[in-house]
Amino acid sequence: MTQHDTGAKDFFLHLLSSITLYLSAIAFLMVTFQLINYLFPEVSADMWRYDYSSGILRTGLSMLIITLPVFLGSRIFLAKMYTKEPERKAFKMRKWLMYLTLFVAAIIVIVTLIMIVNTFLSGEISSRFILKALATIAVAALVFSYYLLDIKDGLTKQKRSIYLWSTTVVSVALIVLTFFVVGSPTQARLQRLDNERVSALQSIQYQIESYYTTNKVLPESLDALRVTSPYDQSINNFVDPSTGDQYGYKVGEGDNYMLCATFDTNTEDTSRKDESAIASKDWQHPAGEYCFAKNTPLLDKAFPEVPISK
């Protein structure tokens, strides 16, 4: 193998290692921060919607599961390559790339700490601020100590194994904790289906109120809505996304009616803390078949006059 080929191989291996390191560190902190938000909520119940994001957690978890093994694999491959051919360490770009890695890592850590301090100054509780700061400092200490030892050729086989194994164990523990606390992909799918059911019932409620506004009477069935609005695409939401069964609709006395569906999860379950689950207290439901009692606006009731202040 020529020196040119050797340099190119080393360059791209170090580049792959650096990029996956950045992504792994960012993903690790994303997951850690969301877990902290989940386990240490703000006092205000409405803060869940803005405080904890299951979407960000899933994104961070996906990144961590993919990029961390690639990073660890590239570092192990480089270590074996340098052990077999020590002269490769003389590659001029090696230290440049490693210092560049430390520089970018430092920027990521600084920006993250700025964001943490900013949220603390905005009123975030102290326990979350401390935990997030400690997590960021721990990641920074691990990355900097590893690369500084490698630059100075002080990273022995034993030390490298300790670093890589500790990183693996902590990351796997974080992934397992995430699934244990937030739920499995199956649970996430069931919650998503329930969210679709609630959204469909809200659409049906809007259609019923629109029908009532026009006809001054409640529709006898959901089929009546299809007759009056045959081109309305939202009417396709009248069936369950999983079973294909039509949602339940019962006409009560006066302007009262009920909308029914069969749900897979319970919104009052403490293991379910996603944004959509608490979007409206009017649509909380248990697992199983459940009906929501609704009523249409009283159209013939005049609004009280409000004097205009001068």
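Going through (1) modelled with pLDDT under 85; (2) in contact with a Ser or Thr (Cβ under 6 Å, 6 or more places away or on another chain); (3) within 23 Å of Asn37 (Cβ to Cβ) one by one, Asn237 falls short only on (3).
Per-residue answers, yes or no, for (1) of a type outside the set (Lys, Arg); (2) more than 18 Å from Leu13 (Cα to Cα); (3) in contact (Cβ under 8 Å) with a residue 24 or more places away in the chain:
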| position | (1), (2), (3) |
| --- | --- |
| Ala90 | yes, no, no |
| Arg94 | no, no, yes |
| Leu100 | yes, no, yes |
| Val109 | yes, yes, yes |
| Met115 | yes, yes, no |
| Thr119 | yes, yes, no |
| Ser126 | yes, yes, no |
| Phe129 | yes, yes, no |
| Leu134 | yes, yes, no |
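Scan Phe71, Phe77, Phe120, Phe91 and give me the residue that is touching a His at 6+ places or on another chain (Cβ under 9 Å), among the aromatic types (Phe, Trp, Tyr) and on the phi < 0 side of the Ramachandran plot. Exactly one residue qualifies, and that residue is Phe91. Looking at Tyr247, Tyr211, just one residue is at pLDDT below 90, crowded, with 17+ Cβ neighbours inside 10 Å and outside the structural domain of Phe40 (by TED's automatic domain parsing), and that residue is Tyr211.
Filtering the range 14-35 for residues that are in a helix (DSSP H, G or I), in contact with an Asp or Glu (Cβ under 7 Å, 6 or more places away or on another chain), at pLDDT below 90 and buried (at least 19 other Cβ atoms within 10 Å of the Cβ) leaves an empty set. Residue check: Lys216 meets all listed conditions (1) on the phi < 0 side of the Ramachandran plot; (2) modelled with pLDDT under 90 but one, namely (1). Mind listing just one residue for me: the one in the range 186-195 that is more than 13 Å from His285 (Cβ to Cβ) and modelled with pLDDT of 85 or more and, of those, surrounded by the most Cβ atoms within 10 Å (Cβ to Cβ)? Result: Arg192.
Can you tell me which of Leu131, Leu121 is modelled with pLDDT of 85 or more and over 24 Å from Leu174 (Cβ atoms)?
Residue meeting the stated conditions: Leu121.
For every residue, the table says whether it meets (1) modelled with pLDDT of 85 or more; (2) among the hydrophobic types (A, V, I, L, M, F, W, C); (3) closer than 22 Å to Leu15 by Cβ; (4) assigned by TED's automatic domain parsing to the domain that holds Leu39.
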| site | (1), (2), (3), (4) |
| --- | --- |
| Ala138 | yes, yes, no, yes |
| Val143 | yes, yes, yes, yes |
| Tyr146 | yes, no, yes, yes |
| Leu149 | yes, yes, yes, yes |
| Asp153 | no, no, yes, yes |
| Tyr163 | yes, no, yes, yes |
| Thr167 | yes, no, yes, yes |
| Ile175 | yes, yes, no, yes |
| Thr178 | yes, no, no, yes |
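Suppose the filter is buried (at least 16 other Cβ atoms within 10 Å of the Cβ), out of contact with any helix residue (DSSP H, G or I) (no Cβ under 6 Å at 6 or more places or on another chain) and not assigned by TED's automatic domain parsing to the domain that holds Arg58; does Ala200 pass it?
Here the answer is no, as Ala200 does not meet what is asked.
Annotation: of all residues in the range 167-185 being in contact (Cβ under 8 Å) with a residue 24 or more places away in the chain, assigned to a helix (DSSP H, G or I) and of a type outside the set (A, V, I, L, M, F, W, C), the one that is surrounded by the fewest Cβ atoms within 10 Å (Cβ to Cβ) is Thr168.
The values are calculated or read from the model by the stated rules, or taken from the named source; none is laboratory data. All figures in this text were calculated on a predicted structure; none of them were measured in a lab. Cβ: placed from backbone, ideal geometry, glycine included. Neighbour counts: every protein chain shown.
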